[in-house]
Amino acid sequence: MKKKETVLNIEGFEIPIKQVFCKQPALYLNVETRNLHGEYPLTSTKEDMEAFCREKIKKVLAYYEYTKQWICNNPFTFEEGEVEYILGNYYQLNINVDSTSRQKIEMDEENKKINLTIRCKENVSKYLDKYFRHLLKNYIQEIIPELEDVLDVKSSGFKIGKLKDAYGCCNKDGFLKFDPILYRKSKEAVKTVVLHELCHIKEFNHKGEFFELMEKVIPNWKKWDSKLRLAFPEIVIK
């Protein structure tokens, strides 16, 4: 079946859409360019996708309103109003400098805000980086036992630390190290990196067996692997 591409005009939005191998339709909003595009299954029609877009247009408008004040810095600078992408969710940073208050971070999930109260403005980057590393470490600790069971391997531990040219590494003793940049990736992408390093315990080189192990646990790992390079992943509307 030939894949179709066309453009829909809905509520003033020009939305390029195309048919792909997928299970359900989706709209994708680029938070930097604020461009919108859509994908729909090969088994659906253009009319089906148009109906889907019209159904979701209010949600699209809400995201447009919500993101219009976002500051998308690359690289990130941890400044007031900057948007932070943390383990698969976008948050806007709100900084309150108060030398008399207790330092604290509140992750406001409902309003997608990170509310930081800090005594000294110069410590903002260090404080937030430490907190986000902690979130990353907790998530990795959560998923490692499950992945080890599936692969029938056992790591000797892990740590979070800067790496020169990789997201993760595994030594001959099965000790893992992950770069803190991973806290700016989705949980699915982080899981792919952790899986990658655990597979090295069974197959240290990138040979056929290595990729067979990857496919066994996360069949669509290549999708998440490619998204690791994106500073601002698209917002998906389903």
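The values are calculated or read from the model by the stated rules, or taken from the named source; none is laboratory data. Given the structure is predicted, the values throughout are model-derived calculations rather than measurements. All Cβ positions, glycine included, derive from the backbone under ideal geometry; neighbour counts span all protein chains shown. Just so you know, the surface numbers come from the protein's heavy atoms only, side chains and all, with ligands and any DNA or RNA stripped out. Shrake-Rupley method; radii C 1.70, N 1.55, O 1.52, S 1.80 Å.
The criterion of being outside any strand (DSSP E or B) and in contact with a Gly (Cβ under 7 Å, 6 or more places away or on another chain) does not hold for SER101. Filtering segment 165-215 to residues that are within 18 Å of the chain's Cα centre (by Cα), surrounded by 15 or more Cβ atoms within 10 Å (Cβ to Cβ), not in a helix (DSSP H, G or I) and not hydroxyl-bearing (Ser, Thr, Tyr) leaves GLY168, PHE178, ASP179, LYS185. Taken together, the residues in segment 86-119 that are open to solvent by 60 Å² or more (accessible area, probe 1.4 Å), under 25 Å from ALA189 (Cβ atoms) and charged (D, E, K, R) amount to 3.
Taking the numbered list (1) over 30 Å from ASN115 (Cβ atoms); (2) out of contact with any strand residue (DSSP E or B) (no Cβ under 9 Å at 6 or more places or on another chain); (3) modelled with pLDDT of 85 or more in turn, ASN220 passes all entries but (3). If you filter segment 216-238 down to residues that are assigned to a helix (DSSP H, G or I) and open to solvent by 80 Å² or more (accessible area, probe 1.4 Å), you find that the one that is nearest to GLU55 (Cα to Cα) is LYS223. Screening the candidates TYR64, TYR40, TYR85 for the property of being modelled with pLDDT of 85 or more, among the hydroxyl-bearing types (Ser, Thr, Tyr) and farther than 30 Å from ILE118 by Cβ yields one hit, TYR40. Among the residues making up segment 143-157, those that are open to solvent by less than 60 Å² (accessible area, probe 1.4 Å) and either without any contact (Cβ under 8 Å) to a residue 40 or more places away in the chain or in a helix (DSSP H, G or I) (or both) are ILE143, ILE144, LEU147, GLU148, LEU151, GLY157.
Considering only residues of segment 120-142 that are buried (at least 16 other Cβ atoms within 10 Å of the Cβ) and of a type outside the set (Ser, Thr, Tyr), which is farthest from TYR183 (Cα to Cα)? The residue in question is VAL124.
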